[in-house]
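Bear in mind that the values in this text are calculations on the coordinates, not laboratory data. Keep in mind that this is a model prediction, so the values were computed, not measured. Reconstructed Cβ throughout: ideal geometry from the backbone, glycine too, with neighbour counts over all protein chains shown.
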Amino acid sequence: MHKSFKEAPPSMLVNELSKLFNDRMRQKTEALGMADGWRRMFFHLSHNESLTQQELVRKTHLSAPAVSVTLQKMEAEGLVSRQSVPEDQRTTQVRLTPAGHAANRKVISAIHDTEREMLEGVTPEEIAAIRPVLEKMYQNLAAKGLHSYE
């Protein structure tokens, strides 16, 4: 570990770890032939039968145009389907297709592989010790209205 990390505040370490993890996931996602931004869509759509585009905007913290463009690309690849809600033609429901579920399983596998890489040499006891601290840090910021995993 670089000498400056020993003196860095926890927030810097968390931020750098997150950046490294996301950079590695970007590499793996792109190797699977998928845009990196699709991971967030897969995550939220795989945990819900369907979501509106506005719900995806809120959950992914992406702009409405970014979500729309991403969904257009995913739809063109056959990974999602979008349908207008009959009661409100302005509302679009989005769901994963069977091909989308299959692609999501590949992304989940890449996430697990990356997590194994990250945790190499870390004991179960060390993980058990740090998890409550990370959860408390998350809750401290989430209490301020910053939610990622709604």
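General observations
- Spatial separation of Cα centroids for the stretch 1-75 and the stretch 76-150, in angstrom: 8
- Residue order, fewest to most beta carbons within 10 Å, for 105, 39: 105, 39
- Taking the Cα centre of the stretch 12-123 as reference, the dipole from Cβ charges on Lys and Arg (+1) and Asp and Glu (-1) amounts to some 100 debye.
- For the chain, built as a Gaussian network whose Cα springs stay under 10 Å, the top-fluctuating residue of 109, 50, 81: 109
- Calculated [θ] (222 nm, deg cm²/dmol) that DSSP helices of n ≥ 4 give over the chain, each run adding -39,500 (n - 2.57): -21000 deg cm²/dmol
- Of 28, 73, 136, the one that fluctuates the most in a GNM where the chain has Cα springs shorter than 10 Å: 136
- Rel. contact order, % - alpha carbon contacts under 8 angstrom, at least six apart, the stretch 9-142: 23
- Note on the chain: GNM, Cα springs under 10 Å; of 55, 30, 120, the largest mean-square fluctuation is that of 120.
- Extension gain, residue 88 back to residue 143 (0.36 nm per residue minus Cα-Cα distance, nm): 16.5 nm
- Dipole of the chain, positive end: most advanced residue of 85, 132, 110 [Cβ charges, Cα centre]: 85
- Pairs beyond 21 Å (Cα-Cα), from 28/59; 28/144; 28/73; 73/106: 28/59; 28/144
- The chain: DSSP helices with Cα axial extent of at least 20 Å and average Kyte-Doolittle hydropathy no lower than -1.0: 10-31, 98-118, 124-142
- Projecting label points 7 angstrom from Cα along Cα→Cβ for residue 127 and residue 69 puts them 3.7 nm apart.
- Between residue 95 and residue 115, the contour length at 0.36 nm per residue exceeds the Cα-Cα span by 4.5 nm.
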